[in-house]
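Data block below; observations after.
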Amino acid sequence: MGKPVAPSPDSRRADDILTMHRLARRADSVRALVGWLARRTGCWAGLVDPAGGVRAASPQGGDADVMTLVADALRVMRERGLRTFVGGESPGRSVALLAVDPPEPGDRPGSAPSALVLAVVGDDPLGTAAPADAGPLLGLCWWAQETERARRRVEIADARGREAVLHLLMSGHLTTAHQIASVLAPRLYDPARFHIIECGADRRAETIRICTELTGGRAWIVRCPVYSGHVLVVAPAPPTAPAVAAPADADADARPLEAALTAGIEGCVVGTGDALALRDTAVGYEQAFHALAVARGRPERWARFDAALGLSGVVGRHGHAWAGHLLAPLTGHVPARATDPDSRVLTDTLRSWLAFSSAATRHMKIHRNTLAARLRRIDALLGLNLELVGDQAKLDLALRTLALPRVTDHGPGAVAPAPPAPAGHGFEALLRLPAVQAWALTQLRPVHEGAPALETTLRAWLRNNTRLSTTAQELGVSVTGARKRLVRLEQVLHRSLVQAPNARHDLWLAMEILDRGRPDRGRLDRGGPDREPDRNVPARIEHDPA
């Protein structure tokens with residue numbers, strides 16, 4: 001029986017090259033190639049930059065002596081303008097340096113590398129051809145990874161820029177939003193329609209791609225900073241918006257965008273607001289969020305907001321005086337120190353918290369302790385308890401009322417004088433306005449016409465400051481059962497209740513208006529006109545923002 005034939009050097013080198021190309025296809029190709037090279041040569045191997053910083057290295061053998069030897073060799077290599085260098089202080093400790101970056105177009109032949117160098121340190125670093133063969137491949141893998149990192153950084157920067165534009169729109173800073181949007185593209189169209197697409201966190205990239213195609217690249221598309229499974233779309237409203245294309249459907253041109261989205265994105269749910277001016281983007285978002293709650297219960301998986309005039313528009317000029325008086329301590333606040341939040345920061349925080357509750361930390365990108373500290377400051381300034389849904393509803397109404405344009409009798413562009421602070425019970429006077437009474441009846445008519453259990457659930461939920469656990473306890477059902485009842489109420493009222501932003505403020509106000517009104521204006525209290533109105537029970541508010 002003959003002895004086995006040892007593989008030839010050429011055969012061994014071919015096997016090494018095949019192994020290196022297989023490793024280069026891995027996601028961690030650089031680390032895998034460096035580790036294999038160290039095992040193949042029996043030396044320490046690493047990728048170092050011209051300053052001596054190690055970018056990738058074999059896990060063992062990189063002690064201080066090795067790094068000193070590499071740094072000295074790099075200095076000599078740089079001084080001599082070499083792309084390869086071999087040296088060492090003893091036969092047992094030699095270093096080989098090979099430039100792995102391709103020369104730039106303007107570099108002189110033989111010029112020193114400007115980026116990465118493959119360093120191999122050991123008894124015989126060039127005992128095989130492996131380092132020379134691995135060098136160029138390592139360079140390609142490294143720069144491929146760097147290109148991917150740069151692409152991701154650009155994507156993150158673009159996403160955050162788009163999110164910033166949306167924040168500016170929702171806070172009314174239209175000029176700055178237009179300036180940034182003109183750089184990122186597309187431009188912002190006015191009027192626009194707000195859409196919320198619920199698709200799941202792992203499908204947002206696909207959803208954005210399809211939505212971009214369906215809108216012809218003219219919509220402002222943002223990954224929701226609060227809900228990880230939502231995509232927010234501010235699309236041009238007709239007649240500016242282009243028709244939605246869907247060649248497979250003969251009636252595609254007549255389909256609204258939300259119908260095309262549900263047809264093109266499997267399993268998604270879409271809520272859509274009214275066509276509004278860009279200055280009303282915040283209103284459009286809340287409308288779309290309420291529509292989304294309704295769409296979840298519909299077979300077509302999309303719904304448009306059931307438009308009804310908000311209470312802030314009903315109270316009108318009467319409400320400006322009350323709202324200005326209520327919020328004066330906040331809007332006129334001057335911090336004692338320059339580092340403390342001013343009135344604008346506190347007001348923006350209050351708006352965010354009223355809309356998103358504890359999820360305001362994600363909306364504003366602040367720590368929960370920062371949010372808590374700001375809310376305590378707002379509590380102290382206004383003398384209210386922000387844990388009570390009634391006090392929240394008053395503040396929400398006041399903020400919305402002050403955000404409305406002031407109507408005057410002096411022609412367009414005239415500024416209405418600020419009304420004096422109301423005397424006596426300004427809030428109670430607003431609740432007695434006939435238009436306000438009619439608004440409350442409209443809001444609660446679906447509950448009044450439904451099963452008695454609907455009103456019982458709604459009253460218990462509001463009485464417990466929208467806290468689900470105590471609501472379930474009062475109703476004598478499980479938390480899951482209470483949540484199911486609220487979901488049923490969502491379909492009846494066409495408003496979001498389980499997730500924030502929800503309709504808790506409008507519903508509390510509507511209940512309060514009718515409970516304080518005269519019996520002939522209609523009461524939803526089935527206990528009769530002489531029954532005492534419900535009062536708030538102090539408790540910490542618990543919503544389900546996620």
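The values are calculated or read from the model by the stated rules, or taken from the named source; none is laboratory data. As the structure is a computational prediction, the values presented were derived from the model and not from experiment. In this analysis, Cβ positions are derived from the backbone assuming ideal geometry, glycine residues included, and neighbour counts consider all displayed protein chains.
Observations on the model:
- Note on the range 31-78: residues that are on the phi > 0 side of the Ramachandran plot and more than 46 Å from the chain's Cα centre (by Cα) total 1.
- Any hit, the range 436-459, residues being within 34 Å of the chain's Cα centre (by Cα), part of a helix (DSSP H, G or I) and among the basic types (Lys, Arg): yes
- Flag if Ser352 is among the hydroxyl-bearing types (Ser, Thr, Tyr), assigned by TED's automatic domain parsing to the domain that holds Arg432, closer than 21 Å to Glu512 by Cβ and out of contact with any Leu (no Cβ under 6 Å at 6 or more places or on another chain): no
- Verdict on Gly217 being more than 20 Å from Arg301 (Cα to Cα), not aliphatic (A, V, I, L, M), not assigned by TED's automatic domain parsing to the domain that holds Ala275 and not in a helix (DSSP H, G or I): no
- Selection from the range 283-302 of residues that are surrounded by fewer than 23 Cβ atoms within 10 Å (Cβ to Cβ), not basic (Lys, Arg) and not in a helix (DSSP H, G or I): Gly297, Pro299, Glu300
- Residue list for the range 1-55, restricted to those being among the small types (Gly, Ala, Ser), at pLDDT below 80 and surrounded by 12 or more Cβ atoms within 10 Å (Cβ to Cβ): Gly52
- Only one entry of Leu292, Leu276 meets the criterion of being farther than 15 Å from Thr207 by Cβ and in contact (Cβ under 8 Å) with a residue 12 or more places away in the chain, and that entry is Leu276.
- Residue within the range 64-81 that is modelled with pLDDT of 80 or more, hydroxyl-bearing (Ser, Thr, Tyr) and under 21 Å from Leu137 (Cβ atoms) present: no
- As a summary of the residue check, Arg317 satisfies the conditions (1) surrounded by fewer than 20 Cβ atoms within 10 Å (Cβ to Cβ); (2) in contact with a helix residue (DSSP H, G or I) (Cβ under 9 Å, 6 or more places away or on another chain) except for the one numbered (2).
- Restricted to the range 183-198, and to residues there that are assigned to a strand (DSSP E or B) and of a type outside the set (A, V, I, L, M, F, W, C), the residue that is surrounded by the fewest Cβ atoms within 10 Å (Cβ to Cβ) is Glu198.
- From the list Asp249, Asp253, the lone residue that is assigned to a helix (DSSP H, G or I), at negative phi, more than 19 Å from the chain's Cα centre (by Cα) and at pLDDT below 85 is Asp253.
Residues are listed down the side, and each one gets a yes or a no for (1) among the polar types (S, T, N, Q); (2) surrounded by 14 or more Cβ atoms within 10 Å (Cβ to Cβ); (3) modelled with pLDDT under 75:
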residue: Glu104; (1), (2), (3): no, no, yes
residue: Pro113; (1), (2), (3): no, yes, yes
residue: Asp124; (1), (2), (3): no, yes, no
residue: Pro131; (1), (2), (3): no, yes, no
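Matching residues to (1) buried (at least 16 other Cβ atoms within 10 Å of the Cβ); (2) assigned to a helix (DSSP H, G or I); (3) outside the structural domain of Leu257 (by TED's automatic domain parsing); (4) basic (Lys, Arg):
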{"position": "Arg153", "(1), (2), (3), (4)": "no, yes, yes, yes"}
{"position": "Ala157", "(1), (2), (3), (4)": "no, yes, yes, no"}
{"position": "Leu169", "(1), (2), (3), (4)": "yes, yes, yes, no"}
{"position": "His178", "(1), (2), (3), (4)": "yes, yes, yes, no"}
{"position": "Ala181", "(1), (2), (3), (4)": "yes, yes, yes, no"}
{"position": "Arg204", "(1), (2), (3), (4)": "yes, yes, no, yes"}
{"position": "Ile210", "(1), (2), (3), (4)": "yes, yes, no, no"}
{"position": "Pro225", "(1), (2), (3), (4)": "yes, no, no, no"}
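- Flag for Leu462 being at pLDDT below 90, within 26 Å of Leu350 (Cβ to Cβ) and crowded, with 17+ Cβ neighbours inside 10 Å: no
- Annotation: Met170 fulfils all but one of (1) within 35 Å of the chain's Cα centre (by Cα); (2) in contact (Cβ under 8 Å) with a residue 40 or more places away in the chain; (3) more than 26 Å from Arg351 (Cβ to Cβ); the unmet one is (3).
- First in the range 382-397 and assigned to a helix (DSSP H, G or I), second anywhere and hydroxyl-bearing (Ser, Thr, Tyr) and buried (at least 23 other Cβ atoms within 10 Å of the Cβ), Cβ under 9 Å, 6 or more apart: Val389/Thr466
- First in the range 473-487 and touching a residue at least 12 places away in the same chain (Cβ under 8 Å), second anywhere and outside any helix (DSSP H, G or I) and surrounded by 14 or more Cβ atoms within 10 Å (Cβ to Cβ), Cβ under 7 Å, 6 or more apart: Glu474/Asn464; Arg483/Val498; Leu486/Leu497; Leu486/Val498; Val487/Val498
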